[in-house]
Amino acid sequence: MACSTPLGPVAILVLGLLHERPMHPYEMVQTTVARREDRLAKFRAGTLYHAVDRLFENGLIEVHEVRREGNRPERTVYAITEEGRGALTDNLERILETRPEEYPELYLALSEAHGLPRNRVVELLDRRIATMRADLADVEVAVAEIRSRGKPEMFFLDEGCRIATLTAQIAWLDDLVDRLRTYRIAWLDDPDSPYRVPVGPNTSPAPNTSPDTERLTQKVE
């Protein structure tokens, strides 16, 4: 059954937590951070509290109890409703089944990178790759620690996908940087490049320009 109202990532995280057991919002924040599930969405405590309010208003969660511990303020403990369980199921099925059109910024930057000097692109990609390698190392350490605690793989499948994606992207970008460094890819700022952008309003395109070259020149202008 298709979900009529797609939920945001934080709302799905909240419903997933309450599917396990009733919790108060502060416990949800602590549990999310402890499990490193804040890696799954743009996450702040305020965002989670707002998601809890919206889910409650929409009848997807309900008050389970109001708890007071010592001198601490009262805390409202929430539980998932049947409607909430249905919404969680529908959203997970939708996300797993469909592949929506996405617009990663990296793809955009790569498509327009020819407008920057070759050496600058190499420098910037070197920095990006270093960051990605650090991220990959962090994820691999986290997975090793999770495995050492005997946690079943079904609870951290996203980490496996993250490792595979980072590994593939790093390999591709490493190869790209190597080809840029060794001039195996033509570039606009190459002195003898037929793709150089004409300078001045009355300058004609380079001789023997192919239709693809003309299209590229117009794109850069």
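The values are calculated or read from the model by the stated rules, or taken from the named source; none is laboratory data. Values in this document were obtained by computation on a predicted structure and should not be read as measured data. Cβ sites come from the backbone with ideal geometry, for glycine too, and all protein chains shown count toward neighbours. Just so you know, the surface numbers come from the protein's heavy atoms only, side chains and all, with ligands and any DNA or RNA stripped out. Shrake-Rupley method; radii C 1.70, N 1.55, O 1.52, S 1.80 Å.
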State whether region 78-163 is rounded, prolate or oblate according to the following rule on the C-alpha gyration tensor (a ≥ b ≥ c being the square roots of its eigenvalues): a/c under 1.5 gives rounded; otherwise a/b larger than b/c gives prolate, and the remaining case gives oblate. oblate
Run the accessible area of the chain with a 1.4 Å probe and give the carbon-and-sulfur part as a rounded percent. 53 percent
What is the Cα coordinate range of the chain on the first, second and third principal axes, sorted by size from largest, in whole angstrom? 80, 40, 36
What ranking, highest mean first, results for peptides 95-105, 74-84 when packing means the other Cβ atoms within 10 Å averaged over each residue? 74-84, 95-105
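What relative contact order, as a whole-number percentage, does the chain give when Cα pairs under 8 Å and 6 or more residues apart are counted? It would help to have the intermediate numbers written out before the result.
Details: 167 pairs, mean separation 34.7, N = 221.
After rounding, I find 16 percent.
Could you give the length gained on full extension between THR165 and ARG39, defined as 0.36 nm per residue of separation minus the Cα-Cα distance, in nm? Mind dumping the intermediate values first?
Working: separation 126, 0.36 × 126 = 45.36 nm, distance 1.49 nm.
Stretched fully, the THR165-ARG39 segment lengthens by 43.9 nm.
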Name the residue from PRO22, LEU124, VAL63 whose Cα lies farthest towards the positive end of the charge dipole of the chain, charges +1 on Cβ of Lys and Arg and -1 on Cβ of Asp and Glu. LEU124
Over all directions, what mean area does the Cα convex hull of region 61-103 project, stated in square nanometres? 5.2 nm²
